[in-house]
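To start, the structure under review is shown below, and the notes come after it.
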Amino acid sequence: MASRTLLATACLLVLLLLTLGGAPVEARARRGPRWAPRRTPESSSVDGYATTATFDVGSFGAAGDGTTDDTAAFQKAWAQACSSAQPAVVLVPAGRSYLLGETSLSGPCKSRVTFRLDGTLVAPEDKSGWGKPGSLPRWIVFRGVDGLTVTGEGALDGRGESSWRNSCRTNPAMPCTVAPSALTFASCDRLAVDGITLLNAPQIHLWVERCRDATLSGLTIASPGDSPENDGIHVARSDGVRILGARIATGDDCLSVATGTANLYAAGIECGPGHGISIGSLGRGGSRAEVSNVTVDGASVSGTMFGARIKTWQGGSGFVRGVRFLNMAMDRVKYPILIDQSYCTRPHPNDTAACDRQQQSGRSSAVEVSDVVFGNIWGTTVARDAIRLHCSEAFPCRDVVLRDVQLRTRKGGDKNAATSSCENAVLAESSNVSPAPCSSAATKKNFVRRRVHH
């Protein structure tokens, strides 16, 4: 009897201790923390702790009415954000349009800066006088800002119509001039650009120059298919650029890769209208060019002049190597696969003999092209010559791989069957390719003479 009483007493004590021990924990959970950091109007927070300072351009005098020049207000907001000791956000609110002239936003900055674009930036129609003598005109430039993030659901409208009308490519009666690029990132390492839209650039929409470790994702770029010299994304002298998802419709190259670029990766590209995805042009005016380790993996190219292209001028020097064009769908593309080592554009449309002069003077040297793979490319071509490998006699293209390429004309039939032409091209591999590599009667003899096998 005594033992049962002692056991019951012990059980009651255990239950009482558990109840008393748990109650303060539950009470503390209900009450929450006894203190929280005080928030200031310009701070944002995570779990109650201030982490970033926010600088709304409206607080610095930006009208956001689309007609008042807000350039000075943006530069003041940027100066405050760039000098902030804590991570900073420059906020461009949604629902407003901000007129900006030439705008340079420079570093280095004390902390990481995010440029949050939710509104719309618009360029003035009159861009005369932009650019310093000897330099290229640019609308908005971020320069020397490491760790920069540009993100948001907003847009930049370059209002390039007047530049297009006054281009010599549109109106040969006009002189040839360089129109402003819309958005430039120069010497910005660890760059991230995500989600924004670029419209109607006078010339290049987005220019990445001298940057390392840059990621561009979820971009939309759009201008008319007849807008001249109007690239979507242009990468030059940069290392480690990643393009992860972009919808590009423009009048020139959807993506152009210029000299000094290495270790570029692009995936999820929708291109068209435009001139396709291009390495180059390279070697103009006898210059040296170097491009290496470029991969395009996953692209849909529709209604364009070119698909996957490498273009170099005669007379240049240097190299293009380690290029991969993979997993690309072609729809109504005039020239789906092209290597052109005799590329030329006339300095003015009226100078009809310019390219003839260039061809005669530049035959002894070329930018060397090697280690290029075209793999898993399929779809339709407008012209019959679906694969064109037109290389330099002095420096033939080497180690070119064609693998799992299936291209056909839209019309079909033997009379309209797709063909392939080659000059001075040395294939390392050709497997499961249609049309058969270098099958054009006009180039087959040259192809065999150069000991190309398939």
Amide hydrogen neighbours beyond the local backbone of SER106, cut-off 5 Å, H modeled: ARG143
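Structure shown: which of LYS127/LYS311; LYS334/LYS415; LYS76/LYS132; LYS311/LYS334 lie over 27 Å apart, alpha-carbon to alpha-carbon? Write down the numbers at each step before the final one.
Numbers: LYS127/LYS311 31 Å; LYS334/LYS415 17 Å; LYS76/LYS132 22 Å; LYS311/LYS334 16 Å.
In this structure, LYS127/LYS311 exceed 27 Å between Cα atoms.
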Of all accessible heavy-atom area on the range 230-284, the percent that carbon and sulfur account for (1.4 Å): 47
Pairwise centroid distance, computed over Cα atoms, of the range 247-261 with the range 166-216, Å: 10
Karplus-derived 3J(HN,Hα), 6.51/-1.76/1.60, for each residue of the range 282-289, Hz, glycine and proline x: 10, x, 5, x, x, 7, 8, 9
Ratio Rg/Rh [Cα only; Rh per Kirkwood] for the range 62-102: 1.02
For a label point 7 Å along the Cα-to-beta-carbon line of ASN293, residues of the range 252-273 with backbone N under 17 Å: 258-267
Per residue convex hull volume, Cα atoms of the range 43-164, in Å³: 113
Computed P(r) (all Cα pairs; the range 178-232; 5 Å bins; percent): 5, 18, 29, 23, 16, 7, 2
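The values are calculated or read from the model by the stated rules, or taken from the named source; none is laboratory data. Note that this is a predicted model, so its numbers are computed, not measured. In this analysis, Cβ positions are derived from the backbone assuming ideal geometry, glycine residues included, and neighbour counts consider all displayed protein chains. Side chains are part of the model used for accessible areas, which takes the heavy atoms of the whole protein and leaves out ligands, DNA and RNA. Shrake-Rupley method; radii C 1.70, N 1.55, O 1.52, S 1.80 Å.
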